[in-house]
Amino acid sequence: MELRPITEGYSVASQIEPDDIAALAEAGVTTLICNRPDAEVPPSLQAAAIQAAAEAAGIAFVYNPVIGTGMTHQSIEEQADAIDGSEGGVVAYCASGMRSSLMWAFAMAGRQSSDEILATVARAGFRMDHLKGQIDEFGEFRA
């Protein structure tokens, strides 16, 4: 499991496995967000299996799947609420970390400038400059 820090308290990863949970707990992760739909993975990696392992380790689990470009205002707000409500580190995962980075970017819209958001995700290796206008627009919508 490779964590890619977006901020000090929010990292993204590709698919998490139940065996990864102990290391996450040891690293201070208190919230795990799944942005990967169950239809993309075998039963052993579906949300229920990861949730059971996370909760057994004392980590809160949020299932907030994003299918392709199917982000909604509700899913963005759910991501923001999970980040805001965490008492420690947050790890969000999907297939590559891209969707989870995208969800963070839109969750921060209106809280930070789009330039700051885009620079932050770029430092983690996720280029989203083409979304600047949409991030700005969503930030104005949320205000």
Going through the stretch 95-128 one residue at a time, which ones are in a helix (DSSP H, G or I) and farther than 21 Å from residue 74 by Cα?
115, 116, 118, 119, 120, 121, 122, 123
Please tell me if residue 91 is under 20 Å from residue 13 (Cβ atoms), part of a strand (DSSP E or B), in contact (Cβ under 8 Å) with a residue 24 or more places away in the chain and of a type in the set (Val, Ile, Thr).
yes
Residue check for residue 67: closer than 29 Å to residue 141 by Cβ, of a type in the set (Val, Ile, Thr), out of contact with any Cys (no Cβ under 6 Å at 6 or more places or on another chain) and without any contact (Cβ under 8 Å) to a residue 60 or more places away in the chain
yes
Residue 81: surrounded by fewer than 16 Cβ atoms within 10 Å (Cβ to Cβ), over 23 Å from residue 2 (Cβ atoms) and within 14 Å of the chain's Cα centre (by Cα), yes or no?
yes
Here's a check for you: in the stretch 1-41, which residue that is under 13 Å from residue 95 (Cα atoms) and free of Cβ contacts under 8 Å to residues at least 40 places away in the same chain is surrounded by the most Cβ atoms within 10 Å (Cβ to Cβ)?
37
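Mind listing just one residue for me: the one in the stretch 84-107 that is in contact with a strand residue (DSSP E or B) (Cβ under 7 Å, 6 or more places away or on another chain) and of a type in the set (Ser, Thr, Tyr) and, of those, surrounded by the fewest Cβ atoms within 10 Å (Cβ to Cβ)?
Selected residue: 86.
Pick from 110, 58, 70: which is surrounded by fewer than 21 Cβ atoms within 10 Å (Cβ to Cβ), in contact with a helix residue (DSSP H, G or I) (Cβ under 9 Å, 6 or more places away or on another chain) and closer than 20 Å to residue 130 by Cα?
Numbers: 58 fails: closer than 20 Å to residue 130 by Cα; 70 fails: in contact with a helix residue (DSSP H, G or I) (Cβ under 9 Å, 6 or more places away or on another chain).
Just one listed residue meets the conditions, 110.
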What number of residues within the stretch 85-143 satisfy the criterion of being of a type in the set (S, T, N, Q) and more than 15 Å from residue 71 (Cβ to Cβ)?
6
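Every number here is computed from the coordinates shown, using simple stated rules; none is lab data. From a predicted model like this one, the values you see are computed outputs, not experimental measurements. Please note: Cβ atoms are built from the backbone with ideal geometry, for glycine as well, and neighbour counts cover all protein chains shown.
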